[in-house]
Amino acid sequence: MKVRSPDGRTWRVTRRWVPWRRRVRDVDAPDLPVDGLGDDPISMIVGVIALIILLPFIVIALIAAVELLLVLLLLPFAVLGRVIFGRAWHVELREGFKPYFEEQAGDWQASGLRIHSLADEVRQGHLPQRTLGG
């Protein structure tokens, strides 16, 4: 659920669907001209240098894609395990996509009620004490 606090910041109050948190950080890649390389030797040298510089970003993007694929493959089993074994759901509050607060909220219905009450608190400007992030 997306809510806006009185100071204008946008917050998200959601259930955390999987019992773990992704570790890959956001990476800002520089903008590069697409049509700047030709087919002469200098362009080849520039292309090889650009590839060497961009290789770490490409590797990070591939690792993030593989991790996302694994999360998507394991998500049905994690949700099924929560439902069958009655594991408690966690409710989290994020500013944009940065984690700010998290708490255990009980079953599906209790977590839904806690999401709505936490969203109401944020709308009124009463943020809970930060438990995640820095």
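Tabulated results
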| read-out | value |
| --- | --- |
| Amide proton proximity set for Phe101, modelled H, under 5 Å, gap of 5+ | Leu93, Thr131, Leu132 |
| The stretch 50-61 - phi-based ³J(HN,Hα) in whole Hz, Karplus 6.51/-1.76/1.60, Gly and Pro as x | 5, 5, 5, 5, 7, 4, x, 5, 5, 4, 4, 5 |
| Extension reserve of the Ile53-Gln124 stretch, reckoned as 0.36 nm per residue once the Cα distance is removed | 20.8 nm |
| Anisotropy class of the stretch 66-125 from Cα gyration tensor, a/c 1.5 cut | oblate |
| Nitroxide proxy distance, nm - points 7 Å out along Cα→Cβ at Val18 and Ala65 | 1.7 nm |
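Quick note: the coordinates plus some simple rules give every number you see, no bench work behind them. Computed from a prediction, not measured in an experiment: that's the story for all the values here. We place every Cβ from the backbone using ideal geometry, glycine too, and count neighbours over all the protein chains shown.
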